[in-house]
Each structure stands twice: as structure tokens, then as C-alpha cells.
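Novice: Structure below; questions to follow.
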Amino acid sequence: MTENSIVLSEVKGRVALLTINRPEALNALNIAVQKKMVELLKQHDQDSNISCIVITGSAKAFAAGADIKEMANKSASEMAELDFFAGWREVSTIRTPIIAAVSGYALGGGCELAMACDLVVAGESAKFGQPEIKLGIMPGMGGSQRLTKLVGRSKAMELILTGRNFTAAEAEAMGLVARIFPDAELLDKAMELASTIAGYGKHAVRAAKEAVNRAEEVSLHEGLLFERRLFHALFATHDQKEGMAAFSEKRTAKFTNS
Ligand code: CAA
């Protein structure tokens with residue numbers, strides 16, 4: 001494990017666990033966190049021994065938003081010049097599945113980072129929200145787009161225009177959260193989920209991730225064509241032959257990511 005870093009990185013089997021580590025600021029996402037997070041995500045994405053990534057937060061937050069103090073005195077031209085938050089776009093270029101394990105606050109940029117991951121699991125007392133409106137701003141790390149796609153226009157409007165927090169149960173009911181676990185079990189359960197995914201063939205997992213994410217971008221017709229091309233391509237892998245042979249031979253498949 002990397003010690004004293006703003007993002008801790010630990011590898012367990014084929015799963016990389018990244019922990020945002022600014023507990024004194026409730027893991028507020030400053031530029032240093034963004035750079036380190038993206039650097040580690042890219043590093044693990046290139047590592048043939050890693051098949052799933054979990055992102056979580058230290059102490060009592062996933063992340064309480066972008067760092068308000070870092071932004072407060074910037075001018076519009078500085079924000080534009082820096083293309084502030086653009087670095088977070090890199091999260092969606094990662095091919096390895098990313099699970100957000102949310103305990104405590106996931107507000108503003110924290111909620112937006114969770115939604116940029118492939119699936120979100122939450123502790124039962126997690127609190128989500130897009131409170132930017134209360135600061136005289138609006139979501140800027142994808143919230144107006146990803147939340148709307150996830151929960152629909154009406155609900156997204158209500159949440160973004162009121163800035164109210166919402167519970168893990170509400171987030172699950174809206175489709176933002178995939179699973180809720182007791183707070184004390186969250187990390188173990190997230191790692192278990194990640195290990196299950198990491199146990200399957202890497203080519204199939206990456207292709208499935210890509211196809212599901214493509215559904216948000218293209219028409220149904222284009223999406224179905226894209227899915228079928230990827231599906232056909234998987235028949236070039238050893239893992240497809242192994243997976244289907246194992247089924248016929250009534251044994252557990254041994255995937256080799258080839
Ligand atoms: N940025 C910078 N610092 C933050 C922060 C943030 N987003 N959230 C919390 N902190 C800091 C606090 O300033 C405080 O630091 P000090 O001890 O130095 O004062 C420390 O973390 C602990 O926070 P609190 O004392 O406020 O803790 P609390 O338990 O009383 O309240 C909270 C928790 C309700 C989450 C409260 O901290 C809060 O409202 N935070 C801001 C939430 C927010 O507005 N997030 C959106 C940010 S803007 C954004 O994200 C834009 C975007 O689209 C990307």
C-alpha cells in the first residue's frame with residue numbers, strides 16, 4: 001500500500017482498491033486528488049494483473065464535493081483557462097470496471113465521481129446530493145448529464161434545483177445505486193463484488209462494460225449493432241472456448257484472460 005498519499009492504492013488479488021485520503025477535508029476533490037486518482041486508475045488499467053478497481057473514501061465521506069476553498073477565488077477566465085474539472089473526464093477512458101463504494105457523504109463532485117464509475121454500491125447511511133446550487137453554482141463534474149441519464153429529467157431537476165441530500169435507499173430506488181450494504185460490511189462486500197467480476201475473463205468483462213456504457217451514447221439500432229460485433233469478437237478468445245467447454249463438462253471455468 002502507498003502510505004501518506006492523497007489517494008491510497010492497495011492491490012488485493014486481481015482487485016485494486018483506491019481510497020481518497022483527505023479525511024480532514026471530508027475527501028474534498030482538489031486538483032491533487034484528481035491528478036493522483038487519474039494516474040493510479042491509468043496505471044492499474046494498464047496492469048494485466050488487475051481486473052477490477054474499487055474507489056472508496058477514508059473516514060466519514062466518499063467525497064464531500066469538489067474543493068470549495070480551492071475554487072472560491074478563481075475568476076471565470078481562470079476556470080476556463082484551467083478547463084477546471086476536465087481532468088476527471090479521464091475516468092471514463094478506463095477500460096477496467098470501476099466500482100464506487102460510497103460510505104458517508106457523496107456530495108457534488110463526490111456524487112459525480114461515483115456516477116462516473118461503472119457501478120455504485122453504498123453503505124446504508126450514505127448521503128448523496130448535488131448541493132452546488134446552494135453555493136451559487138451548478139454541477140460541473142457531470143452531474144447535470146449523468147444524474148439526468150440515470151434517474152430521469154424530472155427527478156434530476158428536483159435534486160439539482162433544490163440541492164437536497166438523498167439517502168442510499170432513495171438512490172437505489174432511483175437506479176443510481178446498485179446495491180446497499182450495512183455500513184460495517186460495505187468495503188468487504190464491494191471487494192467481494194469486485195473479486196467476482198475479476199474472476200471472469202477480462203476480454204468479456206471489458207467488452208460488456210463498453211457495450212453497457214455505449215447504450216447511453218447511441219441509438220438503440222447502433223447500440224445493438226455494436227453489441228453484436230463485440231459478441232462475435234469474443235468468439236476469438238480462449239476464454240469463450242473454455243467457458244462453454246466448462247459448461248458442457250459440468251466444471252468451473254478456468255479463465256486465463258486470453
Ligand atoms: N471543499 C472543501 N472543504 C470541505 C468540503 C468541500 N467540498 N466539504 C467539507 N470540507 C471541509 C470543511 O471546510 C471542514 O474543514 P475545516 O475543519 O478546516 O473547517 C472539514 O471539511 C469538515 O467539514 P465540516 O466541519 O463542514 O463537517 P460537518 O460534518 O459539519 O458537515 C458536510 C459535513 C455537510 C458534508 C459539510 O462539510 C458540507 O456541506 N460540505 C460541502 C458540501 C458541498 O457543498 N459540496 C459541493 C462542492 S462544489 C462541487 O462539488 C462542484 C462540482 O460540481 C464538482
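The values are calculated or read from the model by the stated rules, or taken from the named source; none is laboratory data. The model shown is predicted, which means the values in this text are computed figures rather than measured ones. FYI the Cβ positions are ideal-geometry reconstructions off the backbone, even for glycines, and counts take in every protein chain you see. Only protein heavy atoms, including side chains, enter the accessible area calculation; ligands, DNA and RNA are left aside. Shrake-Rupley method; radii C 1.70, N 1.55, O 1.52, S 1.80 Å.
Novice: Scan segment 162-178 for residues that are surrounded by fewer than 16 Cβ atoms within 10 Å (Cβ to Cβ), outside any loop (DSSP other than H, G, I, E, B) and in contact with an Asp or Glu (Cβ under 8 Å, 6 or more places away or on another chain) and jot them down.
Specialist: The one that is surrounded by fewer than 16 Cβ atoms within 10 Å (Cβ to Cβ), outside any loop (DSSP other than H, G, I, E, B) and in contact with an Asp or Glu (Cβ under 8 Å, 6 or more places away or on another chain): 169.
Novice: Which condition number in (1) open to solvent by less than 30 Å² (accessible area, probe 1.4 Å); (2) in contact with a helix residue (DSSP H, G or I) (Cβ under 8 Å, 6 or more places away or on another chain); (3) within 22 Å of residue 188 (Cβ to Cβ) is the one that residue 125 fails?
Specialist: Only one criterion in (1) open to solvent by less than 30 Å² (accessible area, probe 1.4 Å); (2) in contact with a helix residue (DSSP H, G or I) (Cβ under 8 Å, 6 or more places away or on another chain); (3) within 22 Å of residue 188 (Cβ to Cβ) is unmet by residue 125, namely (1).
Novice: With the structure loaded, tell me whether residue 20 is free of Cβ contacts under 8 Å to residues at least 60 places away in the same chain, within 15 Å of residue 91 (Cα to Cα), aliphatic (A, V, I, L, M) and touching a helix residue (DSSP H, G or I) at 6+ places or on another chain (Cβ under 9 Å) or whether it fails that test.
Specialist: yes
Novice: I've got another one for you. Do the conditions hold for residue 35, that is, is it open to solvent by 60 Å² or more (accessible area, probe 1.4 Å), at pLDDT 95 or above and within 13 Å of the ligand (Cβ to nearest atom)?
Specialist: For residue 35, the condition - open to solvent by 60 Å² or more (accessible area, probe 1.4 Å), at pLDDT 95 or above and within 13 Å of the ligand (Cβ to nearest atom) - is not met.
Novice: For residue 98, are the conditions met, namely being surrounded by 13 or more Cβ atoms within 10 Å (Cβ to Cβ), within 16 Å of the ligand (Cβ to nearest atom) and not charged (D, E, K, R)?
Specialist: No.
Novice: Name the one entry in 235, 226 that is part of a helix (DSSP H, G or I), modelled with pLDDT of 95 or more and over 28 Å from residue 49 (Cβ atoms).
Specialist: 226
Novice: Look through segment 128-146, keep the residues that are open to solvent by 60 Å² or more (accessible area, probe 1.4 Å) and more than 9 Å from the ligand (Cβ to nearest atom), and return whichever of them is farthest from residue 191 (Cα to Cα).
Specialist: Residue satisfying both the conditions and the ranking: 136.
Novice: Of the residues 125, 92, which is small (Gly, Ala, Ser), in contact (Cβ under 8 Å) with a residue 12 or more places away in the chain and more than 19 Å from residue 174 (Cα to Cα)?
Specialist: The conditions single out 92.
Novice: Going by the structure shown, is residue 149 near the ligand (Cβ under 9 Å from one of its atoms), open to solvent by 70 Å² or more (accessible area, probe 1.4 Å) and in contact with a helix residue (DSSP H, G or I) (Cβ under 9 Å, 6 or more places away or on another chain)?
Specialist: Taking the combined requirement at face value, the residue does not satisfy it.
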